[in-house]
Structure formats: C-alpha cells, structure tokens
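The structure appears right after this line, and notes come after that.
No lab work stands behind these numbers, since they all come straight from the coordinates. These numbers were taken from a predicted model, which means no experiment stands behind them. Glycine gets a Cβ as well: all are built from the backbone with ideal geometry, and neighbour counts include every protein chain shown.
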Amino acid sequence: MIKDQEGSNFRDLEEALDEAKASARDLVRQYMDREIPLTETCVEVRDAQGRTVAAVTVAEVLEHPVNPHFKSQCADVPVSGTDRAENPLAR
C-alpha cells in the first residue's frame, strides 16, 4: 500500500473520483517498471473519517478511461488466480 500522508480535500465525491482516476493513471508508469499486475493495483477514495467510499483498479481505468466502474472497496477487486482474495497491494 502507498498511503498519501497529506491527503486532499475535494468539494464533492465526483471531484474525488476524478482525482482517483488520475492517480490510477500515474501508478501505471510506476508499476509497469516493477511488473506488478495492474488488476492488483487499486486506488481508494476515503471520506474525512477514513472510511473507503470508492475504489478502482488501474486496469479498470485503462479499460474505461472516461467512466471506470468504481467498487465499494479494494477487497472487491479479485486478485489474479483467486476469486475474492484479500489483496495486500490494495489498501
């Protein structure tokens, strides 16, 4: 997990989701060099209390750059070779 220690404040959820998409795109460059599967790389959007309100994999953003499908949490994103395993990279 890579945690943004500073965090960011957004005026609404839509703005936060747009930033999550941009963050996922930025991670592509970093993870391609390390050969980490993009389906296992997840960006979470959290509210002020730290609760996850949306999550998206980098692969989803690449497949659907304009309207990616957000899930409720990274754990909803299957890890390759399993059905619904906990993903240590996605938190």
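Here the Karplus relation 6.51 cos²θ - 1.76 cosθ + 1.60, evaluated at θ = phi - 60°, turns the backbone of the range 35-51 into coupling constants of 6, 8, x, 5, 6, 9, 10, 10, 10, 10, 10, 10, 7, 4, 8, x, 7 Hz, with x for every Gly and Pro.
Close amide H contacts of A54 (hydrogens built in the peptide plane, cut-off under 5 Å, sequence separation of 5 or more or a different chain): V45. Within the range 1-60, the GluC sites (Glu not before Pro) that combine a DSSP coil assignment with at most 15 other C-beta atoms in a 10 angstrom radius are E6, E35.
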